[in-house]
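Before any comments, here is the structure.
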Amino acid sequence: MYTLLSSSNISSNERCKPLAVGDSVTVKKVVTSEDVENFRNLTGDSNPIHFGSEAIVHGALLNGIVSGVIGTRLPGPGTKVVAQCLEFPNACCVEDEVCVTVTVTSVRKIVVCSFTCVTSHNKKTVLKGEAKLIVSSDEKNI
């Protein structure tokens, strides 16, 4: 389950004004062992580092959470990711709660967003990066 913590320029998954630099949204989610198991079943990635008492979350799973925010919250439905740059400066442990923040940094033909994924308990950044997006013209001006 995801919890919306804060947002600017969006309401109930719909844009309320044109997309602008500085628009942002933050959601939080606890990444459970069930999430990791489902990801393993989907991808076949059974690397032992993702299971056991000191299991860490798949980086691609964290990126999937970011993708969910981009595709449903900001910029929102109709958005296509055309490029991404990812960094994983720290490990995310299974059962950590993470806060994902997506912020619009450029609005042109290609929209650019930065994003971070930070653990709630120790404030460590576990994923950061940038995405280049194509946003349907209907979504830019709803």
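The values are calculated or read from the model by the stated rules, or taken from the named source; none is laboratory data. Note that the structure is a prediction, hence the values are computed from the model and not measured. Here the Cβ positions follow ideal geometry from the backbone for every residue, glycine too, while neighbour counts run over all protein chains shown. Surface areas here come from the heavy atoms of the whole protein model, side chains and all, with no ligands, DNA or RNA. Shrake-Rupley method; radii C 1.70, N 1.55, O 1.52, S 1.80 Å.
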In region 104-131, which residues are touching a Lys or Arg at 6+ places or on another chain (Cβ under 7 Å), more than 15 Å from A83 (Cα to Cα) and in a loop (DSSP other than H, G, I, E, B)?
S120
Mind listing whichever residues of region 46-58 are open to solvent by 60 Å² or more (accessible area, probe 1.4 Å) and either within 21 Å of L86 (Cα to Cα) or in contact (Cβ under 8 Å) with a residue 40 or more places away in the chain (or both)?
N47, I49
(1) at pLDDT 95 or above; (2) open to solvent by 40 Å² or more (accessible area, probe 1.4 Å); (3) within 30 Å of P48 (Cα to Cα) all hold for V118 apart from (2)
Tell me which residues, restricted to region 83-98, are in a strand (DSSP E or B), open to solvent by 30 Å² or more (accessible area, probe 1.4 Å) and within 15 Å of V30 (Cα to Cα).
C93, E97
Specify the residue that is surrounded by the most Cβ atoms within 10 Å (Cβ to Cβ); the eligible residues are those in region 64-82 that are outside any helix (DSSP H, G or I) and of a type in the set (G, A, S).
G76
Answer with yes or no whether S137 is out of contact with any strand residue (DSSP E or B) (no Cβ under 8 Å at 6 or more places or on another chain) and at pLDDT below 95.
yes
Go through region 105-115 residue by residue and tally those that are crowded, with 21+ Cβ neighbours inside 10 Å and touching a Leu at 6+ places or on another chain (Cβ under 6 Å).
1
Kindly indicate which of L19, L61 is crowded, with 16+ Cβ neighbours inside 10 Å and touching a residue at least 40 places away in the same chain (Cβ under 8 Å).
L19
Can you name the residue in region 22-45 that is open to solvent by 30 Å² or more (accessible area, probe 1.4 Å) and β-branched (V, I, T) and is also farthest from T101 (Cα to Cα) among such residues?
T43
